[in-house]
Amino acid sequence: MSPASTIISRFSHQLAPYLCEHTFHIGDANDYEQKEEAYREKTKAYIELENDPLCIVFDKTVNLLNDLRSKKHILAWQFDKMMPKRENAQLAYLYFVPKPHKEGTPLRPIVSSMHIPTTGISKFLDRLLRPLFDKHVRSTTIIDGVDLIRRLQAYTTNGYLKPTTYLCTFDITDLYTMLPQEESLDILTEFLLEHGYTKVNAVSIDAIRKLARLVLTENVFTYEKRFYRQVVGGAMGSAFTSTLANVFLWKWEKRLVQQQLNTNEIYGRHVQYIDDIFFTSDQLLNKINEMLDDANDFHQNIKLVRQIGKNVSFLDMLIENDHGTLRTSVYHKEAAEPYTVPFNSDHPHHTFRNAIGTALLRAVRYSSTLSTFQKEQRTI
């Protein structure tokens, strides 16, 4: 047995192992329990139930779908897609995974909801609504680092980048678990009507709202051998929650987006990490902070963590305003491992080539100067 295995075996009762995002993380069990409890207490998102709610949720799902189908509010194939099978229905379960790249290693709650009765509805709503959202907010969506670099280059070419320009990022704390449920449904209705939709693929807004409400309000699960219901927000792990969070932020950020457009500044939100936002501003620092303070007050559930300066990191990229000259390079988080695949592993040979090739390609795309690329090349 290796020394590491011996230590893990000896202190296993004090350690909490987590497998998250392809990373095996080990930490102090007491620390994680305290963080889990603190998270539940802070968000007030979950209430405990006395009995197993699975059968009740299953019957509610079936009854709603039968009602919508009998009134011809949904089509036969849509009904079949969303209808759960009793033999496959299982209660979801909640677990927490660490975020080691953030200070203090906070925890992220995940509801594993693959087999709950509302999963079919959640997936259907996501496929129904997500393409519409992507279509109408493309101008403020950042696809990846290359997409942002192209915007920054156009911004610079047009003469908008000045020595006084600030680069700003912020993210939103606990977005998924802080969405106000009924208000989010109101905003979803507003989004559809504002863009001219009364029906989407033959499904009326009223039917969409009823389906969405069921997904949100019947998010029930087990945790530590107890039953819970989520009463604020949606499950991180549910397909529809991501789309609904995007729509909610569409409403929340409207004022900010308009301010940026009026001054020819950049504003963008990442397509996947939807609570990560980047923007530029030529205002004084105190004015930017005032603007973000106002944004922080737009809604009581939405709170921002900001970073403002002449150089900021966003995603896997470092962006710098060097006295009016744009400089970009690859950004390595402090928690990042120095290698991708150990060369003594049994992976196929092409895995090693692809890992290095991908890192080099990213360096080429992100490096604004030859010396920056050469430095990253040595790091690789």
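Have a look at THR165, THR157, THR177 and point out the one that is crowded, with 16+ Cβ neighbours inside 10 Å, among the polar types (S, T, N, Q) and within 30 Å of LEU326 (Cα to Cα).
Numbers: THR157 fails: crowded, with 16+ Cβ neighbours inside 10 Å; THR177 fails: within 30 Å of LEU326 (Cα to Cα).
After ruling out the rest, the residue left standing is THR165.
Could you list all residues from the range 47-84 that are free of Cβ contacts under 8 Å to residues at least 12 places away in the same chain and not basic (Lys, Arg)?
If the condition is that a residue be free of Cβ contacts under 8 Å to residues at least 12 places away in the same chain and not basic (Lys, Arg), then CYS55, ILE56, ASP59, ASN63, ASN66, ASP67, SER70, ALA76, TRP77, ASP80 are the ones that fit.
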Checklist entry - Within the range 302-320, is there a residue that is open to solvent by less than 40 Å² (accessible area, probe 1.4 Å), over 28 Å from the mean Cα position of the chain (by Cα) and either over 20 Å from CYS168 (Cβ atoms) or at pLDDT below 85 (or both)? => result no
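Scan the range 360-375 and tell me whether some residue there is under 21 Å from THR164 (Cβ atoms) and outside any helix (DSSP H, G or I).
Step one: list which residues in the range 360-375 are under 21 Å from THR164 (Cβ atoms), which gives 368.
Filter again for outside any helix (DSSP H, G or I), leaving 368.
Scanning the range 360-375, I find at least one residue that is under 21 Å from THR164 (Cβ atoms) and outside any helix (DSSP H, G or I), so the answer is yes.
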Checklist entry - Is at least one residue of the range 98-106 charged (D, E, K, R), surrounded by 12 or more Cβ atoms within 10 Å (Cβ to Cβ) and in a loop (DSSP other than H, G, I, E, B)? => result yes
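Looking at the range 135-145 only, could you name the residues that are touching a residue at least 40 places away in the same chain (Cβ under 8 Å), in a helix (DSSP H, G or I) and open to solvent by 30 Å² or more (accessible area, probe 1.4 Å)? Talk me through it step by step, then tell me what you get.
Taking the range 135-145 as the starting set, the residues that turn out to be touching a residue at least 40 places away in the same chain (Cβ under 8 Å) are 136-137, 140-145.
Still in the list and also in a helix (DSSP H, G or I): 136, 140, 145.
The answer is HIS136, and nothing else.
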Checklist entry - What are the residue pairs meeting all of these: first residue in the range 15-42, first residue closer than 17 Å to TYR223 by Cβ, second residue among the small types (Gly, Ala, Ser) and at pLDDT 85 or above, Cβ atoms under 9 Å, and 6 or more apart or on different chains? => result TYR39/ALA45
Checklist entry - Within the range 78-137, how many residues are among the acidic types (Asp, Glu) and more than 28 Å from ASN66 (Cα to Cα)? => result 2
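Look at GLY233 and say whether it is out of contact with any Gly (no Cβ under 6 Å at 6 or more places or on another chain), surrounded by 19 or more Cβ atoms within 10 Å (Cβ to Cβ) and in a loop (DSSP other than H, G, I, E, B).
Details: out of contact with any Gly (no Cβ under 6 Å at 6 or more places or on another chain): yes; surrounded by 19 or more Cβ atoms within 10 Å (Cβ to Cβ): yes; in a loop (DSSP other than H, G, I, E, B): yes.
Yes.
What do you reckon, is ASP293 open to solvent by 50 Å² or more (accessible area, probe 1.4 Å), within 16 Å of GLU253 (Cα to Cα) and not hydroxyl-bearing (Ser, Thr, Tyr)? Before you say what the answer is, go through the steps one by one.
Working: open to solvent by 50 Å² or more (accessible area, probe 1.4 Å): yes; within 16 Å of GLU253 (Cα to Cα): yes; not hydroxyl-bearing (Ser, Thr, Tyr): yes.
Yes: the conditions hold for ASP293.
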Next on the checklist: Can you pull out every residue in the range 236-281 that is among the β-branched types (Val, Ile, Thr), crowded, with 20+ Cβ neighbours inside 10 Å and not in a strand (DSSP E or B)?
Outcome noted: THR241, THR243, VAL247, ILE266
Checklist outcome for this item: Out of (1) open to solvent by 50 Å² or more (accessible area, probe 1.4 Å); (2) farther than 27 Å from ASN219 by Cβ; (3) in a helix (DSSP H, G or I), the one ILE149 does not meet is (1)
Next on the checklist: So for the range 30-46 (the condition being of a type outside the set (S, T, N, Q), surrounded by fewer than 14 Cβ atoms within 10 Å (Cβ to Cβ) and closer than 30 Å to VAL200 by Cα), does at least one residue qualify?
Outcome noted: no
Next on the checklist: Need pairs with beta-carbon distance below 9 Å; first residue over 17 Å from GLU290 (Cβ atoms) and within the range 304-316, second open to solvent by less than 40 Å² (accessible area, probe 1.4 Å) and assigned to a loop (DSSP other than H, G, I, E, B); sequence gap 6+ or separate chains.
Outcome noted: LYS310/THR165
Checklist outcome for this item: In the range 282-307, residues that are within 20 Å of GLN258 (Cα to Cα) and either in contact with a Gly (Cβ under 6 Å, 6 or more places away or on another chain) or in a strand (DSSP E or B) (or both) total 2
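The values are calculated or read from the model by the stated rules, or taken from the named source; none is laboratory data. None of the values given here were measured: they were computed from a predicted structure. Ideal geometry is used to build each Cβ from the backbone, glycine not excepted, and the neighbour counts take in all protein chains shown. Only protein heavy atoms, including side chains, enter the accessible area calculation; ligands, DNA and RNA are left aside. Shrake-Rupley method; radii C 1.70, N 1.55, O 1.52, S 1.80 Å.
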